[in-house]
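Trainee: Take this structure, written in structure tokens, and hold onto it; I'll ask about it next.
The values are calculated or read from the model by the stated rules, or taken from the named source; none is laboratory data. What you see is a predicted model, and the numbers here were worked out from it, not measured in a lab. As a convention, Cβ positions derive from the backbone with ideal geometry for all residues, glycine included, and neighbour counts pool all protein chains shown. Surface accessibility is based on the protein's heavy atoms, side chains included, excluding ligands, DNA and RNA. Shrake-Rupley method; radii C 1.70, N 1.55, O 1.52, S 1.80 Å.
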Amino acid sequence: MIRTKVVGRTYEFGSHAAMPTGIQTAGKEILAGPVTVAGRLYGKDIEWKSPSVSLLRQEPGLAVLCGTLETEGVIISMSTKIEYDGLVRFDMAVTPYLGNMKGSDKTAGLEQLWVDIPLRPEYASLFTYWPLAGGELKVYEPINSGPVPADGLTFGFKPFLWLGWEEGGLSWFSESDRGWQPADPARAITVLPVDGHMVLRLHLLDSQPGGWAGHADSWYAPNPPVTFSFGLQATPVKPVVEDVLAHRIVHVSYYEPLDHMRMESHPHPDGKKGTVLDRIVASGANVVVMHEAWNGLQNYWLSDRADGVKATVKACHKRGLKIIPYFGYEMSTLAPEWAEMHDRVLVKHPDGRYEGGWQRYPPQRDYMVCYHSEWQEKWLSGIAWMMDEYGFDGLYMDGTIMPWACANAAHGCGYQQADGVRKSSFPIFALRGMMQRLYGIVTARGGIITAHQSSCCLTPTLEYCHTYWDGEHIGGAFKHDKNGRFPLEVFRAEFMGRNFGIQSEFLSGQPEAIAYTLLHNVTVRPGIGGMLGIVASIWKAFRAFGTSRATWLPYWRNGNAVKTDAPHVYVSAYVRNGRLLLVVANLAKETPTDARITLVPVATGHSGSFKSARDAVAGKPVQVKANTIAVSCEAMGWKLIEVN
């Protein structure tokens, strides 16, 4: 056995083709047994021989293993690469026996081949995948995330699937289904209960590889190897930091003119006259995102508004604010490189069409660019120049961490099937490499990276961000979810961030979204409208209590400490020095609720009784009697109650 350790996680690899026999994360062993390659040969289950594992290479941040399996007629050769952040890449070559070797006549009998990843069910209770296929996206109905049903899940090929629980889990990912031959393409990936476990199965082959059928292997005309590549990454990928105050971000949207942020036009929340920036400072924010208005060219580093940009950056820094600009996933028709490079670097559909085509002012079209192309190098060097020239403090990225499906052969994306049909691939590893380099560029200059990514929690790329901003694709579903299509498990799987080790923010303009988010130690990122005042009051209450130094007790595991008598009322709590800050949320969609909340002092580390309480936002006292508090909440309402 070979054991490797990375931050917060341990992987153990056995002789079965250098596949994991154990994965420990968040203090738990999540595998229910070894990861295995299995199959059928001439109607019988394959019995592998000659299993092996060896350490080929070891250096800081990387280990490379080799593993093998064989049976009569078939050889498995595995290269396993373990990186410093717990990403494990498996490249598996399946080859037939050489024609003159004993057993080569059995090659034609290969009927099936699959990989099983058995997980303990308590650590595979939640899921999220990407992407949503065409027609799957339904506003207010986030079907790509939620609780794993008792009878499991089935998918067509997906490049990313995460299975786990509230504290951690396991990401599986692959750039393409090249070589896959599932009998039912809609069941290429299954998660099914087997012997009390949840087994993630990759249905690689349900028939003999196409290049082998009807052809005897020989030295002069060998049957082609079939190669499958995929990866695993245990989460959380970084130590969990329960500090929603670290990055208090205000988003100034694209429709705000550049100079608007310095005009004497927007009042302070307290009614005093002042600039938009002064209003943002008064809210307690420490980071401003400037949307598209900073540049007339979409997703470009050189601004046609340089004087205004530098003045705005200077104004922010004078007030102690960091400022980060918008970047995305497109190439503008205004870019000087357009004529020379666009056909080589844009995302292409298998039929040759470009993707996207956002239109904005000044008049231009902006098409989706693939960072697997040479555009990556120009973009990265441009970002470094931009931060040095304008003084920006990092980047806000819209969709940049998402490896969009691309079939542009000019830069190596996509592949040709045997029938001549071209298919897309998802350039996960190229984008991951870009994000690693971007993280180095930005953090070396003291900056931060925040990503907006609808439904995509792809940890190999997302981990290089300080925060992620999710939720746009569901339209802030909460108020409209009268049929229960947004269970709390959905939020815990995709929008919480704790399970990935990355701080999350929620995207919604609906105040009632706060009832959901605060329960999960997540805040709504405000703009400069009415939401800013609401979020500012939360930041103020959190800072006054010291949530950054508190222990968090979420509603799903604090039943021994906090009890409520109302079915739609949930309570999470921060505990610090014998005090509590309760997040009370009424998730009833239409009905105001009076709830009695009973506290168990000893379960919160407090030796006596709780004597007093107050509304931490309104500042009004709340009666405490026998460790019980009565709280009234509007439908989809919330309160912060400090208990002493």
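Trainee: How high is the relative contact order of region 396-539, in percent, with contacts defined as C-alpha pairs under 8 Å that are six or more residues apart?
Mentor: Once normalised by length, the contact order is 17 percent.
Trainee: Rounded, prolate or oblate: which fits region 399-513 when a ≥ b ≥ c are the square roots of the eigenvalues of the alpha-carbon gyration tensor, with rounded for a/c under 1.5 and prolate only if a/b beats b/c?
Mentor: On the way: a/c = 2.80, a/b = 1.34, b/c = 2.09.
Here region 399-513 falls in the oblate category.
Trainee: Right, next: Using a 1.4 angstrom probe, figure out how much accessible area the chain has per residue, in square angstrom, rounded to the nearest whole.
Mentor: Roughly 39 Å² per residue, with all protein chains present.
Trainee: Still on this structure, I have one more. Return the loop-located chymotrypsin sites (Phe, Trp or Tyr not before Pro) in region 1-60 (DSSP other than H, G, I, E, B) with at most 15 other Cβ atoms within 10 Å of their own Cβ; answer none if there are none.
Mentor: Details: sites: Y11, F13, Y42, W48; in loops: Y42, W48.
When the chymotrypsin sites (Phe, Trp or Tyr not before Pro) of region 1-60 are filtered for loop state and at most 15 Cβ neighbours within 10 Å, Y42 remain.
Trainee: If packing is taken as the average count of other Cβ atoms within 10 Å, what order do 164-174, 208-218 fall into, highest mean first?
Mentor: On the way: 164-174: 23.2, 208-218: 15.0.
Highest to lowest by the protection proxy: 164-174, 208-218.
Trainee: Quick one: in region 524-644, what % of C-alpha pairs are over 24 Å apart?
Mentor: So the portion of pairs separated by more than 24 Å is 23 percent.
Trainee: Based on the mean of other Cβ atoms within 10 Å per residue, sort peptides 229-241, 336-348 so the most packed one is first.
Mentor: Descending packing order for the listed peptides: 229-241, 336-348.
Trainee: Give me the percent of Cα-Cα pairs in region 1-125 that sit more than 26 Å apart, rounded to a whole number.
Mentor: Roughly 28 percent, once rounded to a whole number.
Trainee: Helix 306-318 versus the longest principal axis of the chain: what angle, 0 to 90°, nearest 10, using Cα atoms?
Mentor: The angle comes out at about 60 degrees.
Trainee: Assigning unit charges at the beta carbon (Lys, Arg +1; Asp, Glu -1) and nothing else, what dipole magnitude in debye, to the nearest 20, does region 29-104 show about its Cα centre? Can you show the working numbers first?
Mentor: Numbers: 7 positive and 9 negative charges, 57 e Å.
Its charge dipole is roughly 280 debye.
Trainee: Over all Cα pairs of the chain, how is the pair count split among 10 Å bins, expressed in % and running from 0 up to the last occupied bin?
Mentor: 3, 15, 23, 24, 18, 11, 5, 1, 0
Trainee: Mean separation of Cα pairs under 8 Å and 6+ residues apart, divided by the residue count of region 332-439: what relative contact order is that in percent?
Mentor: On the way: 144 pairs, mean separation 29.8, N = 108.
Taking the mean separation of contacting Cα pairs over the length of region 332-439, I get 28 percent.
Trainee: Would you mind checking K589/K611; K322/K639; K563/K589; K158/K423; K238/K423; K44/K423 for any pair whose Cα atoms are more than 23 angstrom apart?
Mentor: In this structure, K589/K611; K322/K639; K238/K423; K44/K423 lie more than 23 Å apart at Cα.
Trainee: Let me ask something else. For a quick size check, give me the Cα extents of region 341-382 along its three principal axes, largest first, whole Å.
Mentor: If we take the Cα atoms of region 341-382, the spans are 29, 26, 12 Å.
Trainee: In Å³ and rounded to a whole number, note down the convex hull volume per residue for the Cα atoms of region 181-236. Can you show the working numbers first?
Mentor: Numbers: hull volume 7.8 nm³, N = 56.
Normalising the Cα hull of region 181-236 by residue number yields 139 Å³.
Trainee: Additional query: What part of the accessible area of the chain, given as a whole %, is carbon or sulfur when the probe is 1.4 angstrom?
Mentor: Here it works out to 52 percent.
Trainee: Next up: Round to the nearest 10 and give me the degree value, 0 to 90, for the angle of helix 375-390's Cα axis relative to the longest principal axis of the chain.
Mentor: So the helix axis and the longest Cα principal axis differ by about 20 degrees.
Trainee: Sticking with this one: Please provide three numbers in whole Å: the alpha-carbon extents of region 435-477 along the principal axes, with the largest listed first.
Mentor: 38, 19, 9
Trainee: Another question, if that's okay. Could you work out the relative contact order of region 152-196? I mean the mean sequence separation of Cα pairs under 8 Å and 6+ apart, divided by the number of residues, in percent.
Mentor: 53
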